[in-house]
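Below is one structure, written out as structure tokens; the observations come after it.
The values are calculated or read from the model by the stated rules, or taken from the named source; none is laboratory data. The model shown is predicted, which means the values in this text are computed figures rather than measured ones. Positions of Cβ are backbone-derived with ideal geometry, glycine not excepted, and every protein chain shown enters the neighbour counts. Quick note on the areas: whole protein, heavy atoms, side chains included, nothing else; ligands and nucleic acids left out. Shrake-Rupley method; radii C 1.70, N 1.55, O 1.52, S 1.80 Å.
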Amino acid sequence: MMLRSRSVACGVAIAVGMGGIALLPIQAAEQSDVNRLLRTGQCPRCNLSGVNLYGKKLQGANLQGANLRQADLWGADLRQANLQGADLSEAELYGTDLRQANLQNTTLWGTDLVRARLMGTDLRGAKITSANFRGANLEGADFRTAKLWGVNFYGSQWQDANFDGVDITSVNFDREGWQRTTRQVEYRNPVAP
């Protein structure tokens, strides 16, 4: 089994926020962290940035507080995994199974979650910016107190998803799906089809 890493040992990311532009270093994954995750399923606060975990079986893994920036988790099995406080910025999670995973207080900036399965997933307090959930299954997902900015939910299934207390700004959503959610949100700048 060969692991590929999409990141280089030392790179730079540009972060644009209120007040300007900042350069942030991107560190490559630590091979010892990758080995520990694959061997034990336990890797809290690990550096797994840019690692290729395409299709890996990581059900129930403990990745609390892990750095998964730009990681390739396409089609991975992360059911019931603990990703609380993890940084999944620019990660590839296309078709990933995240059913009943703990994504509380995660950072999902520019994350690709197209066609991901997030049924019953806990996303309370998550910071979700410019993420793509197109066609994802979010049935019963809990977004309470999350911050959503520039997120694409078009074509997603989200029956019984909970959006109470969510700060929603410039979000693209499917009107029919939105009608089936549980929510009491602070809502600004809607973008609807």
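Observations on the model:
- Close amide-amide hydrogen proximity is noted between G55 and W74, G75, A76, each under 5 Å apart and 5 or more residues distant or on a separate chain (H modeled in the peptide plane; Pro and chain starts excluded).
- Residue-by-residue Karplus 3J(HN,Hα) for the range 116-124, coefficients 6.51, -1.76, 1.60, Hz, glycine and proline x: 6, 9, 10, 5, x, 6, 9, 10, 4
- Amide hydrogen proximity for Q157: with H placed 1.01 Å from N in the peptide plane, the residues at 5 or more positions away or on another chain lying under 5 Å are A136, N137, L138.
- In the range 49-165, the alpha-carbon atoms span a convex hull of 65 Å³ per residue.
- Summarising the amide proton neighbourhood of Q42: residues at separation of 5 or more, or on other chains, whose placed amide H is nearer than 5 Å comprise N62.
- Surface analysis of the range 53-120 yields an accessible area of 36 Å² per residue, using protein heavy atoms and a 1.4 Å probe.
- Phi-derived couplings, Karplus 6.51 cos²θ - 1.76 cosθ + 1.60 at θ = phi - 60°, listed residue by residue for the range 125-131: x, 5, 9, 10, 10, 6, 8 Hz, with x used for Gly and Pro.
- When each of the peptides 56-62, 138-144, 37-43 is scored by the mean number of other C-beta atoms lying within 10 Å of its residues, the order from highest to lowest reads 138-144, 56-62, 37-43.
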